[in-house]
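Nothing in this text is a laboratory measurement; each read-out follows from the coordinates by a stated rule. In this text, all values refer to a predicted model and were calculated from it rather than measured experimentally. Reconstructed Cβ throughout: ideal geometry from the backbone, glycine too, with neighbour counts over all protein chains shown.
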Amino acid sequence: MVKATLKEQEELINSLRKNVKYDTKEFTLELLHSKFNRYIEDGKNREITIPFYQRNFVWDKKQQSKFIESILLGLPISTMTFAEIENGVLEIIDGSQRMRTINAFLNNELKLIGLDKLSSLNELTFNNFSSSRKRKIKNSTVRAIVIFDLEKDNIDISHELFDRLNTGGEALTTMEIIRGSKQGEFVNFIFKECANNSTLNQLSYFSKQDKKRGYREEFLIKYFAFIENMEFHTTLNDYLDNYIDTQNDNFKNDVYKDKQLQQFKEMLSFVKKHNLIQDISINRKNRLLAIYIGTTLALQEQDLSNKKDINLFTSEFIENAKSNGFEKLKDNVELVKNIILS
């Protein structure tokens with residue numbers, strides 16, 4: 001293999017560098033706990049949120065207790081990493097297990113076990129400490145990197161950072177967990193019937209990283225879930241989790257499954273025929289999701305076999321798509337549906 005020249009090395013590195021801005025902060029446990037439990041205006045996201053692509057709470061009680069012991073002893077704690085997204089919400093890129101442990105402890109839900117240095121504290125919960133010690137615990141700090149002003153596809157960059165910060169033996173994606181813990185007819189349908197659809201992959205330009213880490217399958221689960229309902233009153237993660245469970249049961253019915261597959265294929269055929277996907281360089285997945293969902297909803301309402309001359313990429317659509325916010329996605333879904341039906 002021919003080695004790159006010094007000039008070629010620099011050109012390659014510069015062409016692939018990510019334009020990522022960040023601050024380093026010190027967050028108290030009290031602040032992290034408060035923001036993790038406080039909802040923003042939309043009632044669906046908390047001020048600190050754990051994205052769908054991250055794994056579930058997998059630390060056992062001993063691992064959680066060891067982490068709290070390190071805090072009590074004043075030992076260095078690994079830096080947490082957040083991305084500041086829509087409306088100032090902090091999305092955890094690295095540190096979800098630590099965040100969940102802090103939350104469980106301060107909620108008095110964690111009983112300490114397996115402590116070595118502070119063995120006399122075993123069996124205690126947060127409420128068993130004195131008032132002064134509880135204040136000191138809450139005042140303890142964790143160093144954090146907060147990434148902001150991501151100029152390109154926020155979701156893709158967040159995913160990539162997550163991958164690079166979680167390359168250890170226990171690192172799992174949401175899709176890996178779902179295949180293990182939520183195995184069923186719907187999950188099989190997503191992986192086997194939809195993810196490998198040639199038209200979907202031709203239109204969507206999923207990257208090798210998307211396919212390797214299961215982000216394509218995550219995208220498809222959101223597509224099917226949002227077609228059915230975008231007015232849920234729980235957190236996004238809870239809605240998707242419950243939706244998967246329900247659909248695993250529904251997809252045992254072959255007639256229901258065939259209808260869903262036919263609808264999916266008709267949507268892709270319509271999108272391809274009318275060349276509805278144009279510039280998707282910014283927030284690519286958000287734009288695709290809006291187009292696919294809006295098109296499906298339009299096809300459910302009317303026979304559009306004679307439809308011609310559709311242009312979805314209005315200034316309003318493009319402006320909405322710059323945001324990762326759920327409400328803007330809903331706006332674009334409605335916009336796409338109305339343009340197609342007009």
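Taking other Cβ within 10 Å of each residue's Cβ, how do Glu8, Glu47 sort, fewest first?
Glu8, Glu47
Towards the positive end of the charge dipole of the stretch 46-127, with charges on Cβ (+1 Lys, Arg; -1 Asp, Glu), say which of Thr49, Leu121, Leu106 has the farthest Cα.
Among Thr49, Leu121, Leu106, the one farthest towards the positive end of the dipole of the stretch 46-127 is Leu121.
At a Förster radius of 35 Å, what calculated FRET efficiency corresponds to the Cβ-Cβ distance of Lys252 and Ser119, to the nearest 0.05?
So, using R0 = 35 Å, E works out to roughly 0.10.
Mind jotting down the three principal axis lengths of the stretch 174-341 based on Cα atoms? Whole angstrom, largest first.
Rounded to whole Å, the extents work out to 43, 34, 32 Å.
Among Tyr243, Tyr205, rank each residue by its count of other Cβ atoms within 10 Å, from fewest to most, as a rough exposure measure.
Listing Tyr243, Tyr205 from fewest to most nearby Cβ atoms yields Tyr205, Tyr243.
For each of Ser342, Ser204, count neighbouring Cβ atoms within 10 Å of the residue's Cβ, then give the residues from fewest to most.
Ser342, Ser204
Any idea what the alpha-carbon Rg over 2.2 N^0.38 Å comes to for the stretch 223-271?
Scaled against compact globular proteins, the figure is 1.27.
Of Leu276, Ala225, Leu288, which is farthest along the charge dipole of the stretch 209-293 in the positive direction, counting Lys and Arg as +1 and Asp and Glu as -1 at C-beta?
Leu276
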